[in-house]
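Participant: The following block contains the structure, expressed as structure tokens.
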Amino acid sequence: MVKSWIEAMRLRTLPVSVAGVIMAWAYAIADGTFKPIPALLCLIFAVLCQIASNFANEYYDYRAGRDRAGREGPRRGVTEGDITPRAMKLATYGTLIAAALIGLALTYWGGLWLIIPGIAIAIGALAYSTGPWPLSTHCMGEAAVIIFFGIVPVNLTYYVQSLAWSADALTGSVVIGLLAADVLIVNNTRDIPDDRAVGKHTLATALGRRAMTALYIIFGLSVLTMLPQWSSLGGELLAAVPCLFAGAFLGIGILISRRHGSALTPCLALTSVFMLLYSLSFLTATICSAD
């Protein structure tokens, strides 16, 4: 039972929500506006929202018949009978309520207007899998990830600390969003046969493996757009860091083109880990530069 709940949380992908917040920490440190309490609350909020979204995905995909027993990827606890649908529904909304409480606390630093994007985030966490037009079944999953795991968390986390907006943070948020989309690209490429079998329309089922692999590589190479930011932190030496990560994502892209089914799961985990390492590297470089 415990293992099924851990699988439902999808720990391999949780670094996706962490990475965006860490990037925002770096920008706040660079500007001298870093505030540890709201920064930590933003991290907790982001992780809770992702877990709620993962729970909702499992519950609503089961209800809609988009999951089937024995499919590729993490074990679906509800579909396999390990977790009752009622328990998963309660966990979904309980986690979302916990995130909402953290979000309300953040209005102390960022203002009551944060309730508006907070509501949008909650709706997005559910709309990915349910509602009249589920994003995950209308080829919109990657776009949603870019927005809610890149642009929104980086810029809002930065704003809560600095009460301002940053062009550099905006650039970084798009890059992190594209890397987060790469995680979904691997996931959906792996699931193409299962999704087609149940009529689930993802970008991967629409475009196919080759196009998704090319898109993965393009998104991964987006780290190179941050070369000026890295150079400003430490000259040509640090500028080599995004080049190394670009090479890593290119290498994973080549692996994706050669693997199928469950053999792609390690590529998903690697993408998630390298995304987190990229944000941690940027944070470390920023701290060293500030000193």
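The values are calculated or read from the model by the stated rules, or taken from the named source; none is laboratory data. Quick caveat, the model's predicted, so the values are computed rather than measured. Here the Cβ positions follow ideal geometry from the backbone for every residue, glycine too, while neighbour counts run over all protein chains shown.
Participant: Out of all the residues in region 277-289, which are within 17 Å of Val145 (Cβ to Cβ) and surrounded by fewer than 18 Cβ atoms within 10 Å (Cβ to Cβ)?
Facilitator: Going through region 277-289, the residues within 17 Å of Val145 (Cβ to Cβ) turn out to be 278-279.
The answer is none; no residue qualifies.
Participant: Another one. Do we find that Asp195 is more than 30 Å from Phe34 (Cβ to Cβ), in contact with a helix residue (DSSP H, G or I) (Cβ under 6 Å, 6 or more places away or on another chain) and touching a residue at least 60 places away in the same chain (Cβ under 8 Å) in this structure?
Facilitator: So Asp195 fits the description; yes.
Participant: A follow-up question, please. Of these, Thr189, Thr205, Thr171, which one is more than 19 Å from Ser272 (Cβ to Cβ), at pLDDT 95 or above and crowded, with 20+ Cβ neighbours inside 10 Å? Walk me through it before giving the result.
Facilitator: Details: Thr189 fails: more than 19 Å from Ser272 (Cβ to Cβ); Thr171 fails: crowded, with 20+ Cβ neighbours inside 10 Å.
Unique residue meeting the criteria: Thr205.
Participant: Thr157 passes all but one of (1) surrounded by fewer than 20 Cβ atoms within 10 Å (Cβ to Cβ); (2) within 20 Å of Ala52 (Cα to Cα); (3) touching a residue at least 60 places away in the same chain (Cβ under 8 Å); which number fails?
Facilitator: So the condition that Thr157 fails would be (1).
Participant: Within the group Ala8, Ala24, Ala19, Ala46, which residue is assigned to a helix (DSSP H, G or I), surrounded by 22 or more Cβ atoms within 10 Å (Cβ to Cβ), among the small types (Gly, Ala, Ser) and at pLDDT below 85? Don't jump to the end; show me each part of the working.
Facilitator: Values: Ala24 fails: at pLDDT below 85; Ala19 fails: at pLDDT below 85; Ala46 fails: at pLDDT below 85.
Answer to the check: Ala8.
Participant: Let me ask you something else. What are the pairs, 6+ residues apart or on separate chains, where a residue within region 1-16 that is of a type in the set (Ser, Thr, Tyr) has its Cβ under 8 Å from a residue that is crowded, with 21+ Cβ neighbours inside 10 Å?
Facilitator: From residues that are of a type in the set (Ser, Thr, Tyr), the pairs are Ser4/Gly77; Ser4/Ile83; Thr13/Gln50; Thr13/Asn54; Thr13/Val183; Thr13/Asn187; Thr13/Leu268; Thr13/Ser272.
Participant: Now for a separate question. Of all residues in region 27-37, which are surrounded by 20 or more Cβ atoms within 10 Å (Cβ to Cβ) and either at pLDDT below 95 or of a type outside the set (Phe, Trp, Tyr) (or both)?
Facilitator: Those that are surrounded by 20 or more Cβ atoms within 10 Å (Cβ to Cβ) and either at pLDDT below 95 or of a type outside the set (Phe, Trp, Tyr) (or both): Ala28, Ala30.
Participant: What number goes with the only condition from (1) within 22 Å of the chain's Cα centre (by Cα); (2) buried (at least 20 other Cβ atoms within 10 Å of the Cβ); (3) over 27 Å from Cys267 (Cα atoms) that Ala98 does not pass?
Facilitator: Failed condition: (2).
Participant: Oh, and also: Identify, please: which residue in region 109-135 is among the β-branched types (Val, Ile, Thr) and closer than 17 Å to Ile146 by Cβ and is, among those, surrounded by the most Cβ atoms within 10 Å (Cβ to Cβ)? Quick ask: steps written out before the conclusion?
Facilitator: The first filter runs over region 109-135 and keeps only residues among the β-branched types (Val, Ile, Thr), leaving 115-116, 119, 121, 123, 130.
With the extra rule that they be closer than 17 Å to Ile146 by Cβ, the set shrinks to 121, 123.
Numbers: Ile121: 23, Ile123: 11.
The qualifying residue surrounded by the most Cβ atoms within 10 Å (Cβ to Cβ) is Ile121.
Participant: Further question on the same structure: Out of region 190-218, which residues are over 16 Å from Gly141 (Cα atoms) and small (Gly, Ala, Ser)?
Facilitator: Of everything in region 190-218, those that are over 16 Å from Gly141 (Cα atoms) and small (Gly, Ala, Ser) turn out to be Ala197, Ala214.
Participant: Going through region 254-291 one residue at a time, which ones are in contact with a Lys or Arg (Cβ under 9 Å, 6 or more places away or on another chain) and charged (D, E, K, R)?
Facilitator: Residue satisfying the conditions is Arg259 alone.
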